[in-house]
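One structure is given here, and the rest of the page talks about it.
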Amino acid sequence: MDILTLAGLVVGFGGMIGGMLLEGGHLSSLMNAPAFFIVFGGTLGAVLIQMPMDVFKRALGLFKWAFMPPTIAMQPAIEKIVEWSNIARKEGLLRLEDYIQQEPDPFAQKALQLLVDGKEPEEIRHILEMDLGMREENNLQAITFFEGLGGYAPTIGIIGAVLGLIHVMGNLADPSKLGGGIAAAFVATIYGLVLANVFALPMGNKIKSSVKKQTRLGELFIEGIIAIAHGENPRNIESRLQGFLAN
């Protein structure tokens, strides 16, 4: 569980609500069903229009990364690669076949399989870089769902406010309804801004950070596997891969 995500949501929403209460406001003033449906329904609809179904499904799958990001353990990965290097150096590449099924990371598993199959180093690099690039591109494309929410929500909020004001203008004959009606109209603007700036955009950036770290781990595996394929000394491999920890 990513504590910072939870803390950010609590501090963000808590700060806004707390500030409003300190100014003498009431939570009930933020409760407006029509504004909720206009902003959340309109924003979601706009985002769904712009993206294919497979991208939408991937975005839903990546949402959990904001709260439970994938484990990116660089140092254990380096130790694992050095171990493979020692085994390959002493017992041959075919001995690594026993480790393929034990490897939980599908990307590392594929890299090991290519190595055991005796592919040329440059061919291994080409295949793995293409695989890694496509995975990163697909994940970044899915993040456009959250970026879309952040982009459309403020504008839809303004539309909600305008619709509310149109309703208020229809009640000009009854001054007692004007104040409450205008306040309710601007609730839509608040919904749009909060949805964009406290939820959608921060969530998208948090997920994007995990995608970049996952790509970095993949690059580490590529460099390690290629070094093993070239028959490099395990100590040299470890020294080279340690550079990934500094980034």
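Residues considered: Ile222, Ile207. Of these, the only one that is within 16 Å of Ala77 (Cβ to Cβ) and under 26 Å from the mean Cα position of the chain (by Cα) is Ile222. The single condition among (1) part of a loop (DSSP other than H, G, I, E, B); (2) free of Cβ contacts under 8 Å to residues at least 40 places away in the same chain; (3) surrounded by 11 or more Cβ atoms within 10 Å (Cβ to Cβ) that Pro70 does not meet is (2).
Tallying residues that are under 30 Å from Lys119 (Cβ atoms) and among the hydrophobic types (A, V, I, L, M, F, W, C) within region 180-222 yields 5. Residues in region 20-53 that are part of a helix (DSSP H, G or I) and under 18 Å from Leu195 (Cα atoms): how many? So the count comes out to 20. Within region 213-238, how many residues are free of Cβ contacts under 8 Å to residues at least 12 places away in the same chain and in contact with a Leu (Cβ under 9 Å, 6 or more places away or on another chain)? Number satisfying all stated conditions: 0. Tell me, yes or no, whether region 116-133 has at least one residue that is without any contact (Cβ under 8 Å) to a residue 24 or more places away in the chain, surrounded by fewer than 16 Cβ atoms within 10 Å (Cβ to Cβ), in contact with a helix residue (DSSP H, G or I) (Cβ under 7 Å, 6 or more places away or on another chain) and not hydroxyl-bearing (Ser, Thr, Tyr). Within region 116-133, one or more residues are without any contact (Cβ under 8 Å) to a residue 24 or more places away in the chain, surrounded by fewer than 16 Cβ atoms within 10 Å (Cβ to Cβ), in contact with a helix residue (DSSP H, G or I) (Cβ under 7 Å, 6 or more places away or on another chain) and not hydroxyl-bearing (Ser, Thr, Tyr).
Identify all residues within region 90-100 that are surrounded by 10 or more Cβ atoms within 10 Å (Cβ to Cβ), not in a loop (DSSP other than H, G, I, E, B) and not aliphatic (A, V, I, L, M); write none if there are none. Give the derivation first.
The first filter runs over region 90-100 and keeps only residues surrounded by 10 or more Cβ atoms within 10 Å (Cβ to Cβ), leaving 91-100.
Then drop every residue that is not not in a loop (DSSP other than H, G, I, E, B), which leaves 91, 93-100.
Matches in region 90-100: Glu91, Arg95, Glu97, Asp98, Tyr99.
Annotation note: of Pro202, Pro154, the sole residue that is in contact with a helix residue (DSSP H, G or I) (Cβ under 6 Å, 6 or more places away or on another chain), modelled with pLDDT of 90 or more, surrounded by 18 or more Cβ atoms within 10 Å (Cβ to Cβ) and not hydrophobic (A, V, I, L, M, F, W, C) is Pro154.
Before we move on, is Pro34 out of contact with any Phe, Trp or Tyr (no Cβ under 9 Å at 6 or more places or on another chain) and under 20 Å from Asp105 (Cα atoms)?
Values: out of contact with any Phe, Trp or Tyr (no Cβ under 9 Å at 6 or more places or on another chain): yes; under 20 Å from Asp105 (Cα atoms): no.
Spelling it out, it is not the case that Pro34 is out of contact with any Phe, Trp or Tyr (no Cβ under 9 Å at 6 or more places or on another chain) and under 20 Å from Asp105 (Cα atoms).
Taken over region 10-67, the criterion of being at pLDDT below 95, surrounded by 11 or more Cβ atoms within 10 Å (Cβ to Cβ) and polar (S, T, N, Q) is satisfied by Ser29, Asn32, Gln50.
Among the listed residues Glu147, Glu103, Glu136, identify the single one that is in contact with a helix residue (DSSP H, G or I) (Cβ under 7 Å, 6 or more places away or on another chain) and assigned to a loop (DSSP other than H, G, I, E, B). First the steps, then the outcome.
Working: Glu147 fails: assigned to a loop (DSSP other than H, G, I, E, B); Glu136 fails: assigned to a loop (DSSP other than H, G, I, E, B).
Step by step, each of Glu147, Glu103, Glu136 is checked, and only Glu103 is in contact with a helix residue (DSSP H, G or I) (Cβ under 7 Å, 6 or more places away or on another chain) and assigned to a loop (DSSP other than H, G, I, E, B).
The values are calculated or read from the model by the stated rules, or taken from the named source; none is laboratory data. On a predicted model such as this, the values are computed, not experimentally measured, just so you know. Methodologically, a virtual Cβ is constructed for each residue, glycine included, from the backbone with ideal geometry; neighbour enumeration extends over all protein chains shown.
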